[in-house]
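The values are calculated or read from the model by the stated rules, or taken from the named source; none is laboratory data. Being a predicted model, the structure only gives us computed values, none of them experimental. No Cβ is skipped: glycine too gets one built from the backbone with ideal geometry, and neighbour counts run over all protein chains shown. In case anyone asks, the SASA skips ligands and DNA or RNA and just uses the protein heavy atoms, side chains included. Shrake-Rupley method; radii C 1.70, N 1.55, O 1.52, S 1.80 Å.
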Amino acid sequence: MDALVDGNNTEVTGFILLGLTDDQILRIILFMIILCIYLVTIFGNLSTIILIRLSSQLHYPMYFFLSHLAFTDMGLSSSVTPNMLVNFLVERNTISYLGCAIQLGSVVFFGTMECFLLAAMAYDRFMAICSPLLYSTKMSTQVCVQLLVVAYVGGFVNDFSFTICVYSLVFCGPNRVNHFFCDFAPLVKLSCSDITVSTIVPSFTAGSIIVVTVFVIAVSYICILITILKMRSTEGRHRAFSTCASHLTAVTLYYGTITFIYVMPKSCYTTDQNKVISVFYMVVIPMLNPLIYSLRNNEIKGALKRQLARKMFS
């Protein structure tokens, strides 16, 4: 059922996700493409986690955070991709009110986790390049665990604010969500209740997290750049840049897309453009991250070769 009738009021209890397109041929094509992307995402990130766990050469803070980033990417993609694939195959994709809140909560939680982990990885690179003598102390196992706890707590706090605000909304009219998942903005448009508090609280929490994590990343890389420019050795500069290249690429891709979706004025782009960028942010980037880190990281490539050689000769 999509609604419950009570007197003259109709309370919506389910939503219809309109998806990406109504073109049947395009839906089949997109189904095949996104299914392949999702399989590569799961395989790539799961392989990254297993490789880091098995290789003692990768038991360093950067790879500790990278393994959790891989887990986060799998969670973010799995929050929306399976349901999106179903949407391509069925005539009408419905989702319950509870299912919609859970999906939005999962996206917010893993998306927030990614912000904190990218900031923690930037801080790790800052300590490794700017204070190499203090690195083992400043980035001890205890510090890494504390930074990870902060990431999880931040994810839960942001998730809680969004979930509470969604449950405070009343839906008594149209229940067709013009998106491929239960995003917050399309849900707010369908609400027939006062949305003032429901929009201010999530905007404040999400905005604060983005500002704080961007500030940490920006300050870290400014200090890194200053330190690199002071280096006299060309080889030293090249090694320092190469250790940051993968992370900087991941940061640019992730924050570039979320800035386009959540920061830029809505008048700057259409709903269809928002859907395309959301696909890139939630489906494509989780696939690209393991590729970025494996293709540009000699330590990961070396560890992979050693593990493969060990399996072959055993």
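Numbers for the structure displayed
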read-out: Lone qualifier among 86, 90, 40 - being among the hydrophobic types (A, V, I, L, M, F, W, C) and in contact with a strand residue (DSSP E or B) (Cβ under 8 Å, 6 or more places away or on another chain); value: 86
read-out: Any chance residue 127 is within 21 Å of the chain's Cα centre (by Cα), under 26 Å from residue 242 (Cα atoms), without any contact (Cβ under 8 Å) to a residue 60 or more places away in the chain and crowded, with 18+ Cβ neighbours inside 10 Å; value: no
read-out: Positions within region 12-29 being free of Cβ contacts under 8 Å to residues at least 60 places away in the same chain and under 27 Å from residue 97 (Cβ atoms), in sequence order; value: 21, 22
read-out: One residue from 64, 71 being under 12 Å from residue 289 (Cα atoms), open to solvent by 30 Å² or more (accessible area, probe 1.4 Å) and either outside any helix (DSSP H, G or I) or at pLDDT 90 or above (or both); value: 71
read-out: Wholly within region 131-245, helices (runs of 4 or more DSSP H) carrying at least 1 residues that are touching a residue at least 12 places away in the same chain (Cβ under 8 Å); value: 141-168, 184-190, 196-230
